[in-house]
Amino acid sequence: MFATLFQVHDRLRQFAHLDPIALADIDAMISCSVVIPVYNSSPCLPELASRLTEVFSEIAADYEIIMVDDCSSDASWHVVEMLARTRPHFKGVQLMKNCGQARATITGIAMAKGDVVITMDDDLQHDPKSLPHLLRELDENGGYDCVFAYFPEKMHAGYRNIGSRIISWIASRAVGTSEIRMSSLRLMRGSVAEIVRRNQATAVTVGGLILANTARIKSVPIPHSPRFSGRTNYTLAKQLRLAFDNIASVSMLPLRMISAAGLLTIGVSGILLCYVLVDHFLNRAQEPGWISLVTLITFFAGLILLSLGVIGEYLVRVLRELQRTSVIAIRRTVGFASGETMHADQEQVANAAAASVGLIGIEAGRS
């Protein structure tokens with residue numbers, strides 16, 4: 001454990017002294033697509049755009065920045081539109097309804113065309129200056145399929161840090177990757193992004209798809225920056241929901257936990273039954289108590305309802321897949337060249353990408 005902590009500390013020290021101009025080992029011919037889901041973060045976007053432009057001008061790589069506005073209630077789309085019209089590498093997508101960070105990210109990945117696809121948050125807690133370091137890590141040891149950044153110390157409230165650690169611990173063990181620590185700051189090869197595009201499920205997360213399809217994954221510690229402006233849009237309830245989506249999309253752990261709980265309660269009931277029988281034949285019990293009976297009934301009723309709820313979640317997911325009612329409707333795009341949207345240089349790939357996230361309305365409002 002202490003050896004691991006020292007390794008993390010050494011990596012953070014190396015990163016802290018990293019010269020962003022010393023980038024000769026990064027392939028100058030590489031093309032990068034940065035996908036950023038945007039929600040109510042208009043004050044952050046100009047600064048984010050400036051930092052990304054500075055970083056990629058130093059890397060000298062071909063790049064595109066795709067900002068997906070998840071139906072924000074503030075002026076985020078107007079800022080995205082302005083950036084796309086005034087900066088040549090920036091592109092914008094506006095969704096017709098709020099679909100959540102995961103599906104907004106998948107929408108951007110479906111439109112990305114880079115050799116490396118990068119996803120990151122819009123609040124500048126993921127510092128763009130970490131990208132050269134992560135790109136180098138992606139090429140280490142013969143090359144990884146995906147690199148996740150993780151943050152040994154997060155700039156969040158204490159209760160949220162505790163909740164995040166618990167949720168990450170459960171999720172990592174649910175998919176059998178306790179050594180992999182995930183976040184929404186990730187770099188993936190084009191082949192992995194292609195898997196995300198071709199996925200046919202509507203209830204899925206990017207991290208779950210990556211874990212289910214490749215073992216060449218690495219986690220890299222980087223510093224976590226304070227939020228540039230405003231307050232987080234992620235409540236504890238949203239974190240729990242995202243954790244369940246991550247688990248349910250690639251794991252049967254909830255159903256197996258129900259089975260284990262059922263077996264455990266059967267064992268406990270058997271022990272209680274033996275106790276009652278022995279107590280009866282030894283004539284020690286003069287009056288049967290109702291407290292134990294009510295407790296057992298309440299316990300088993302709660303267990304049954306919990307089991308039905310988890311099974312119902314899986315059934316609803318199956319129903320949505322069959323009905324295809326949960327689609328991502330795009331209101332308009334900006335900054336995309338004609339025929340460029342949705343990876344349209346290959347029609348089959350574009351059709352598969354559209355099917356993967358239920359995209360509709362991609363032709364409307366293109367500019």
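The values are calculated or read from the model by the stated rules, or taken from the named source; none is laboratory data. Keep in mind the model is a prediction, meaning the values are calculated, not measured. No Cβ is skipped: glycine too gets one built from the backbone with ideal geometry, and neighbour counts run over all protein chains shown.
Listed values, structure above:
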quantity	calculated
Residue in the stretch 321-330 that is hydroxyl-bearing (Ser, Thr, Tyr), at pLDDT below 70 and surrounded by 13 or more Cβ atoms within 10 Å (Cβ to Cβ) present	yes
Residue that is modelled with the highest pLDDT [pool: residues in the stretch 127-175 that are basic (Lys, Arg) and under 29 Å from Arg256 (Cα atoms)]	Arg165
The stretch 58-101, residues that are of a type in the set (Lys, Arg) and under 21 Å from Gly114 (Cβ atoms)	Arg87, Lys91
For Gly207: the one exception among (1) within 15 Å of the chain's Cα centre (by Cα); (2) modelled with pLDDT of 75 or more; (3) outside any helix (DSSP H, G or I)	(3)
Given (1) at pLDDT 75 or above; (2) part of a loop (DSSP other than H, G, I, E, B); (3) not acidic (Asp, Glu), number of the condition Ala285 does not satisfy	(1)
Flag for Ser178 being of a type outside the set (A, V, I, L, M, F, W, C), modelled with pLDDT under 70 and under 15 Å from the mean Cα position of the chain (by Cα)	no
Any hit, the stretch 95-106, residues being over 19 Å from the mean Cα position of the chain (by Cα), crowded, with 19+ Cβ neighbours inside 10 Å and under 20 Å from Val206 (Cβ atoms)	no
Verdict on Asp74 being without any contact (Cβ under 8 Å) to a residue 60 or more places away in the chain, charged (D, E, K, R) and more than 18 Å from Ile106 (Cα to Cα)	yes
Answer residue from the stretch 181-192, given it is farther than 27 Å from Glu47 by Cα and within 15 Å of the chain's Cα centre (by Cα) and is surrounded by the most Cβ atoms within 10 Å (Cβ to Cβ) among those	Val192
Qualifying residue in the stretch 49-65 (condition: at pLDDT below 95, assigned by TED's automatic domain parsing to the domain that holds Pro132, among the charged types (D, E, K, R) and within 16 Å of the chain's Cα centre (by Cα))	no
